[in-house]
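The structure appears right after this line, and notes come after that.
The values are calculated or read from the model by the stated rules, or taken from the named source; none is laboratory data. Keep in mind that what you see is a predicted model, and the values were worked out from it rather than measured. Neighbour counts run over all protein chains shown; Cβ positions are idealised from the backbone, glycine included.
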Ligand code: HPA
């Protein structure tokens, strides 16, 4: 995947959509509904975009939706490319490279994740403060094209502080409004903050691995996001990461983990999640 490939895909998307969004959102497993009701939406299936590959995982539609939230243009990836599907990292991070060529400055990366913290229950959200890359590979390995960014990118502050503040304020406002309206019987803080640990998957972890990652300082585990966050920071884009906690890590409860549960929890928080993303997009623009 070359710089020219990314430019070609970006030109195609600009031409087809007629829009120039500054914000992109990547929707994780079970969180695809946000893209369904964007205003003035143009939907571009991945297999029609130059150099994109198809996404194969259940629960991922596999299209780029360019639309608006209250007049703010955004590009939304409904379905992403995971390393566990067999794509190489060039393919996994390609959309980030296309986004940067489109002039996008801010990316909001979302995912489904397992909790390592008994206080952080399924159905809550976690603002990603930092990550641990345990995928066994760095997406930027290989020759570096300096037009994307530097050979040795700094990772001191991957997840933008200002965006974290915006997301936190939005979550607080939602919690206040729900309590005031009686939607929640008492005020319920659903937004946590913590470290996301990325693993290659596709197996879920063993209970011993979960204990290991907790000792290492992780609060949540998942199989995505970090390659995209690295590619986005490499190119100087601002990154926000939000995990939807869909289950407790293996061994924390006396029950197995399955993908169905992950998808169902995503669907359960879809309303709050959509509201949150809308507020963040408007405040971050
Ligand atoms: N582990 C890894 N990835 C995940 C999990 C998990 O428990 N839940 C959702 N994605």
Quiz item: Regarding residue 213, is this residue surrounded by 21 or more Cβ atoms within 10 Å (Cβ to Cβ), within 12 Å of the ligand (Cβ to nearest atom), assigned to a helix (DSSP H, G or I) and touching a residue at least 60 places away in the same chain (Cβ under 8 Å)?
Solution: yes
Quiz item: Residues in the stretch 179-195 that are out of contact with any helix residue (DSSP H, G or I) (no Cβ under 7 Å at 6 or more places or on another chain) and in contact (Cβ under 8 Å) with a residue 40 or more places away in the chain: how many?
Solution: 4
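Among the listed residues 64, 31, 27, identify the single one that is buried (at least 19 other Cβ atoms within 10 Å of the Cβ) and away from the ligand (no atom under 16 Å from the Cβ).
On the way: 31 fails: away from the ligand (no atom under 16 Å from the Cβ); 27 fails: away from the ligand (no atom under 16 Å from the Cβ).
The match here is 64.
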Quiz item: Which members of the stretch 1-44 meet the condition of being touching a strand residue (DSSP E or B) at 6+ places or on another chain (Cβ under 6 Å) and part of a loop (DSSP other than H, G, I, E, B)?
Solution: 19, 21, 28, 29, 30, 31, 38
Quiz item: Quick one: residue 155 ticks every box in (1) out of contact with any strand residue (DSSP E or B) (no Cβ under 9 Å at 6 or more places or on another chain); (2) surrounded by fewer than 21 Cβ atoms within 10 Å (Cβ to Cβ); (3) at pLDDT 95 or above bar one, so which box is it?
Solution: (1)
Quiz prompt | Residue under evaluation residue 152, criteria (1) free of Cβ contacts under 8 Å to residues at least 40 places away in the same chain; (2) in a loop (DSSP other than H, G, I, E, B); (3) within 20 Å of residue 124 (Cα to Cα), criterion not met | solution = (3)
Self-check item: Near pairs, Cβ below 9 angstrom, 6+ apart or cross-chain, from the stretch 251-266 (touching a residue at least 12 places away in the same chain (Cβ under 8 Å)) to any residue that is part of a helix (DSSP H, G or I) and more than 10 Å from the ligand (Cβ to nearest atom)
Solution: 251/207; 251/208; 251/211; 252/207; 266/32; 266/33; 266/273
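For the subset of the stretch 255-277 comprising residues that are away from the ligand (no atom under 15 Å from the Cβ) and buried (at least 18 other Cβ atoms within 10 Å of the Cβ), which member is farthest from the chain's Cα centre (by Cα)? First the steps, then the outcome.
If we filter the stretch 255-277 for residues that are away from the ligand (no atom under 15 Å from the Cβ), which is where we start, we get 270-272, 274-277.
If we keep only those that are buried (at least 18 other Cβ atoms within 10 Å of the Cβ) too, we end up with 272, 276-277.
Working: 272: 16, 276: 14, 277: 11 Å.
Among residues in the stretch 255-277 that are away from the ligand (no atom under 15 Å from the Cβ) and buried (at least 18 other Cβ atoms within 10 Å of the Cβ), the one farthest from the chain's Cα centre (by Cα) is 272.
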Practice problem: Those residues that are on the phi < 0 side of the Ramachandran plot and not in a strand (DSSP E or B), I need them from the stretch 127-148; list them, please. | Solution: 135, 137, 138, 139, 140, 141, 143, 144, 145, 146, 147, 148
Exercise. Kindly provide the set of residues from the stretch 216-254 that are within 12 Å of the ligand (Cβ to nearest atom) and surrounded by fewer than 20 Cβ atoms within 10 Å (Cβ to Cβ), ordered by number.
Key: 248, 251, 252, 253
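To keep it simple, each residue is scored yes or no on (1) assigned to a strand (DSSP E or B); (2) within 16 Å of the ligand (Cβ to nearest atom); (3) at pLDDT 90 or above; (4) more than 24 Å from residue 281 (Cα to Cα).
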residue	(1), (2), (3), (4)
164	no, no, yes, no
167	no, no, yes, no
170	no, no, yes, no
178	no, no, no, no
184	no, no, no, yes
192	yes, yes, yes, no
195	yes, yes, yes, no
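Can we say residue 139 is over 25 Å from residue 79 (Cα atoms) and either at pLDDT 95 or above or within 17 Å of the chain's Cα centre (by Cα) (or both)? Don't jump to the end; show me each part of the working.
Details: over 25 Å from residue 79 (Cα atoms): no; either at pLDDT 95 or above or within 17 Å of the chain's Cα centre (by Cα) (or both): yes.
Judged against the criteria, residue 139 is not a match.
One line per residue, one yes/no per condition, for (1) within 16 Å of the ligand (Cβ to nearest atom); (2) closer than 30 Å to residue 255 by Cα; (3) surrounded by 19 or more Cβ atoms within 10 Å (Cβ to Cβ); (4) under 17 Å from the mean Cα position of the chain (by Cα):
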position: 95; (1), (2), (3), (4): no, no, yes, yes
position: 124; (1), (2), (3), (4): yes, yes, yes, yes
position: 143; (1), (2), (3), (4): no, no, no, no
position: 151; (1), (2), (3), (4): no, no, no, no
